[in-house]
Structure formats: C-alpha cells, structure tokens
1. Answer yes or no: is there a residue in region 159-168 that is at pLDDT 90 or above, in contact with a strand residue (DSSP E or B) (Cβ under 7 Å, 6 or more places away or on another chain), within 30 Å of residue 350 (Cβ to Cβ) and surrounded by 13 or more Cβ atoms within 10 Å (Cβ to Cβ).
2. Which count do you get for residues in region 135-152 that are free of Cβ contacts under 8 Å to residues at least 60 places away in the same chain and assigned to a loop (DSSP other than H, G, I, E, B)?
3. Listed residues 194, 164; which is within 25 Å of residue 267 (Cβ to Cβ) and either part of a loop (DSSP other than H, G, I, E, B) or in the same structural domain as residue 217 (by TED's automatic domain parsing) (or both)?
4. Of all residues in region 111-121, which are in contact (Cβ under 8 Å) with a residue 24 or more places away in the chain and surrounded by fewer than 14 Cβ atoms within 10 Å (Cβ to Cβ)?
5. Please go through region 236-264 and pick out each residue that is touching a helix residue (DSSP H, G or I) at 6+ places or on another chain (Cβ under 6 Å), part of a loop (DSSP other than H, G, I, E, B) and surrounded by fewer than 18 Cβ atoms within 10 Å (Cβ to Cβ).
6. Got at least one residue in region 425-435 being outside the structural domain of residue 53 (by TED's automatic domain parsing), buried (at least 19 other Cβ atoms within 10 Å of the Cβ) and in contact (Cβ under 8 Å) with a residue 40 or more places away in the chain?
7. I need a count of the residues in region 356-389 that are over 21 Å from residue 403 (Cβ atoms) and either assigned to a loop (DSSP other than H, G, I, E, B) or within 27 Å of the chain's Cα centre (by Cα) (or both).
8. Considering only region 1-98, give the strands (runs of 3 or more DSSP E) lying wholly within it that have at least 3 residues that are over 30 Å from residue 209 (Cβ atoms).
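The values are calculated or read from the model by the stated rules, or taken from the named source; none is laboratory data. This is a predicted model, so every value here is computed, not measured. Positions of Cβ are backbone-derived with ideal geometry, glycine not excepted, and every protein chain shown enters the neighbour counts.
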C-alpha cells in the first residue's frame, strides 16, 4: 500500500475534498474568506451522518439525556455573566518583518529568542489580548445598548435554560442536556484546512450531577466518548488522551481531558471532556437574580449542581474521519493491469452514500429497469446512487473514491439468462476487499442495513 508523506497526504485530501464535493472554500468566486468553508453534496451527508449518530448515541439511546436547540444570538448579559466578554481572548503577536499575525503560542522560542514561524524574523510585537467574539447589533440602532455577540460556544444556552428544561423534562440528577449547533470565533490565524475555522459546529453535552459524583462521571464520559470515536471508524491507536495540567485549565475547572487525534499536520484536539464544577450555573444565578438550584426531593436539600461537559467539534471530527479513511492501494483495471486506487474507507454508518446501483449495460432496457427497481427498493432505507455511465470498473472506482461501502450490479444472471437459479439475484461488491457475492434482491435491504446502522 502506498504511504505518502503527511504533507503530501494532506494536500491530496484537500484536493479530493474539493474535486469530489466534500468541502469548498466559502465565497470562492470572490476570492474566498479565510477560515470559512462550505460543505458540498457529499460533505453535508457525511456531516449529517456524524451529527445524527452522535444524537442517537447521546440522547435517543439514553434515559438520562434530553436535547435542546438554543439561539445563536443571546442577551449580552449572558456573555458578561459567563466571563466571555472580559476574558474570552487569545494573546496576539505581529511579525514586523513579514506582517504575519500570530497567536502567541505559535511563536518559536530558540534559545530564549522569539522568532516568527513563517519567516524566522525576530522583530515581534509584545503579546496583546484579542477578543475572539464577533460583535453584532440587535434592532434598528447600532449603539452600546443594542450590542451582543455571535455565540462562541453552545454551552451557555444550556446553562441559562437549565431550570426550564429541568422542570419540563422532570429529570432527576444526574442528567444531561445535549445540543448540536453553530458557534463563531474570530480566530487570529485560521489554519489546517477546516480544523481551525471562524464558523464551526459543536456537539455538546452538559451533564449535571452532585458535587461528589463529578470526578467519577468525568472518567465515565471520557470512556464513553472514546468508544464513540471507535464506533464511527476512528482507530483507537490514533486517539490520545491528554490530562490537561492545572496551569492550562480554566480557573473553575477541577479536571479536564483532551481527546486528541493524529492528523497529518500533527496531534490536535478533537474533543474536551471537562469538569466545570458549579461555576456556570452559579454565575448566571448571581447575575440574573433567578434561582438555578436543584431541589432533591429525597433529602429536601437545595443546591447548584456541578456539571461534566463532553464537547466535540463537528468539523474537526469530519476532517478526522476523512483523514482516517483516505487510502491508496493497487487494484486491477478493466484490462487486469494494476493501477493506484484512491479509496475512502469510511465506516459504513458514516459513509455519505451507502450503496451504488449499476446496470451492467446502460443500453439494455431490462437491466436498467431492474436496477431502477432496486433503487426504489433501497431508497426508503438509505442514501443510494444510481450510475449507468462508463465501464463497470470505472464506476466502482468513482464510488471507492467517495467512500461508498457497497456496490450492487444488475447483470444478465439477475435476468436468469445464464442460470435460472440466479434470477433476481445481484452482485454485491465490498469496497474495501473488492470481493463480490450473489445476494437475492429480496434480502438486499436487510443485508445492507445490518452493516450501515
């Protein structure tokens, strides 16, 4: 198997994403906008499959978690109370030589001398705070009274609605509130394709508990989240758990784990699992004057719950899925000559298209009709793609390159022309092994669903 270098591999992945309709530069016909991306027909399917599976695992398959969808714009007081308005910033440094604008942690330190990572220049400004929140205005006037921010995280909506959700859901501790949604950060230096973007999606769970349960539940959720990544096809060997040291944690965080992934551009965070204590609810209770306490009916005590937060990035996980899936191997062409095959080895439940349907010949009306019947049979259960253009080997390759795990070919055996016992069977091809077998049309949906759900 071919193993391109990490930089070459990343270049090939970026090229494939654009060529095959996964991810495009936003506003590209106008020169683009740095740190912003659009998802094409295949990218949006991959992204939706990820979010849907996260929701299924985190909400639908549990009795102790409910969902909500908070608004992107919130009262400015929320961001004052949470501390974001005052402290949500990164230290920024400018290089006077090449005019690069950098986060302070990107600056190289060589024997005590600070250097620009781009040009090697030593003429750098002192770090200064740069607030990462996007300002906007609500209403007809643009003044201080109408100012707010595009949310930089989804969590605060959960905290301010904690009491309301608690009352309507009638849950008892421990329980969680889950949310998937957009967040916005005015990053100093977006980089590494979609990894660090200015507009992104988060999958967050705020899991409320008693203080004495916090550390145990932190470890529990770390294990659960690692299992999740394995279930979507990310190798455990490429996942690393980093216990965040106290000096790097927020002052209110009692403990924090980062789940990191081996991207081609280095080891980077996919998800944080943090024990945020009771800081957020306490801050909002204090600032709003409204009680956010939990009443324990058994002990008759009132208290502010603590919270454990598994927070994952949708876009980062999509990128990890693509990086994990990308492979090159050798496969025979239609003349049995070996050639390089590009294949995305997505787990079937994540693959944008689950099955390609191919009539062996497009000019044979019976084959085409039967293939379209199979499309109609499978379409209520999964996303399928019909293709009758080109040699069958070329069609397989096109689907391999976008990660379609299965291919169904309708051939003359399907019509019973060569062997009556094979009538109404099709050739089912596996993407990874390229092995083929005969499957009855009536059993096709069940066979495929067993692998993709």
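1. For region 159-168, residues at pLDDT 90 or above, in contact with a strand residue (DSSP E or B) (Cβ under 7 Å, 6 or more places away or on another chain), within 30 Å of residue 350 (Cβ to Cβ) and surrounded by 13 or more Cβ atoms within 10 Å (Cβ to Cβ): present.
2. Start the filter on region 135-152 by keeping residues that are free of Cβ contacts under 8 Å to residues at least 60 places away in the same chain, which leaves 135, 137, 139-146.
Add one more test, that the residue is assigned to a loop (DSSP other than H, G, I, E, B), and what stays is 139-143.
Residues meeting the conditions: 5.
3. Exactly one residue qualifies, and that residue is 194.
4. So the first thing to find is which residues in region 111-121 are in contact (Cβ under 8 Å) with a residue 24 or more places away in the chain, and the list is 119, 121.
119, the sole residue that qualifies.
5. Residue satisfying the conditions is 252 alone.
6. yes
7. Counting residues in region 356-389 that are over 21 Å from residue 403 (Cβ atoms) and either assigned to a loop (DSSP other than H, G, I, E, B) or within 27 Å of the chain's Cα centre (by Cα) (or both) gives 6.
8. Details: elements: 23-25, 37-39, 65-67, 89-94.
By residue number, 23-25, 37-39, 89-94.
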